[in-house]
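I have placed the structure first, in the form of structure tokens, so that the comments after it can refer back to it.
Read-outs throughout are calculated quantities, based only on the coordinates presented, and are distinct from any laboratory measurement. As the structure is a computational prediction, the values presented were derived from the model and not from experiment. In this analysis, Cβ positions are derived from the backbone assuming ideal geometry, glycine residues included, and neighbour counts consider all displayed protein chains.
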Amino acid sequence: MMKQPLFILILSLVVLAACKSGNGQTAADEAERPLITVTIEPLRYFTEAIAGERFRVVSMVPKGSSPETYDPTPAQLVALAESKAYLRIGHIGFEQTWADRLADNAPHLPFFDTSRGIDLIHEEHTHQHTEEADAHAGHAHHHSGGVEPHVWNSAVNARIIAGNVLQALCSIDPAGRETYVARHDSLCRCIARVDSLVRQQLSSPDADRAFLIYHPALSYFAREYGLRQISIEKEGKEPSPARLKQLVDECKAQGIRIIFVQPEFDRRNAELIARQTGTRIVSIHPLSYDWEEEMLNVAAQLGQPSVH
């Protein structure tokens, strides 16, 4: 009988293959398509999945850049003015800083908020069970507008984002509605399969129920799957020595085994905690275009059986 981890791995590969498909377009064909601009790579994934070959989609914040601090180039502002629409993820720092200037740069351009309808996590909300524990752990993280912006790291939210992208595309291109609806339905089936695989991984008796992370990008993932996210960063600031000691003590007391780190952030504090606690550092890429792959990777890391 096939062991569960191998079975889930094979299923994951099948899902990834089903959710990705090339369009066979040449560079010339692609250049002729009308343009849509989005804020970040995960939103480009959802938008391309629904738009298909009817639009070319570009991200304002390129791979490897922080969407909290990125400034667009003049060439990007020119491309934005040539776009048919701008789709924002909702509350990311780049959007808070640049929204008015982007609108002034392209006053004719329709803007769509793809986070509309999402149950947002505000900065005073955390994954602690009591106010006393919240005050002790200090897991809140400050963002512009007081909203936790990483809304795409959740299957429930992904379906809402997909629905908002569908409405936006139908609004700017009614002739493509039938195509968009069909591709939206296919995307939602993919999201459902990913959600099912994540739940299978996390249902293991050995799966971690809490984790450390440098920058709290998995708040919605943690809420959706009943996990506890503990952020090393606090209110966007490096941890103090007292905070680091607190995190080390908490890791030891709760048997936390994983620290997630992202390439956009310095990992030295994570390495310091790992050396003192024996926790495992795992690189993740929440801003990756490959949304389904990242969701499955996080779940697989948390679902790994203990080696202790």
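Observations
- Net lengthening on full extension, LYS237/ASP290 (0.36 nm per residue, minus Cα-Cα): 16.2 nm
- Take the Cα of GLN167, step 7 Å toward its Cβ, do the same at ARG267, and the gap between the two points is 4.0 nm.
- Note on LYS63 and ASP119: the model spin-label points, each 7 Å out from Cα along the C-beta direction, lie 3.5 nm apart.
- Note, ³J(HN,Hα) from phi for segment 216-223, Karplus 6.51, -1.76, 1.60, rounded to Hz, x at Gly and Pro: x, 8, 10, 4, 6, 4, 4, 5
- Proximity of backbone amide H atoms, modeled 1.01 Å from N, is registered between VAL57 and ILE36 at under 5 Å, excluding neighbours fewer than 5 places apart on the same chain.
- Only Cα pairs under 8 Å and 6+ residues apart enter the sum, and on that basis the relative contact order of segment 235-302 stands at 28 percent.
- Label-to-label distance for GLN96 and ARG189 is 4.0 nm, based on points extended 7 Å past Cα in the beta-carbon direction.
- 5 angstrom amide H check on ILE258, placed H, neighbours 5+ away: LEU212, ARG280
- Footprinting exposure proxy for ASP290, ASP249 (fewest neighbouring C-beta atoms within 10 Å first): ASP249, ASP290
- FRET efficiency, 1/(1 + (r/R0)^6) with R0 45 Å, evaluated for LYS245 and ARG177 via beta carbons: 0.20
- Alpha-carbon centroid distance for the pair segment 38-56 / segment 77-91, whole angstrom: 12 Å
- Residues with amide H under 5 Å from that of ARG228, placed H, sequence gap 5 or more: ALA210, PHE211
- Cα shape, segment 204-303, gyration tensor, a/c 1.5 rule: oblate
- The slack in the chain from GLU32 to SER204, taken as 0.36 nm per residue of separation less the alpha-carbon distance, amounts to 57.0 nm.
- Hz values of 3J(HN,Hα) by residue in segment 76-91 - Karplus curve (6.51, -1.76, 1.60), Gly and Pro given as x: 5, 5, 5, 5, 4, 5, 8, 6, 8, 6, 10, 10, 9, 6, x, 9
- Dipole check for segment 204-303: with +1 at the C-beta of Lys and Arg, -1 at the C-beta of Asp and Glu, and the Cα centre as origin, the magnitude is about 560 Debye.
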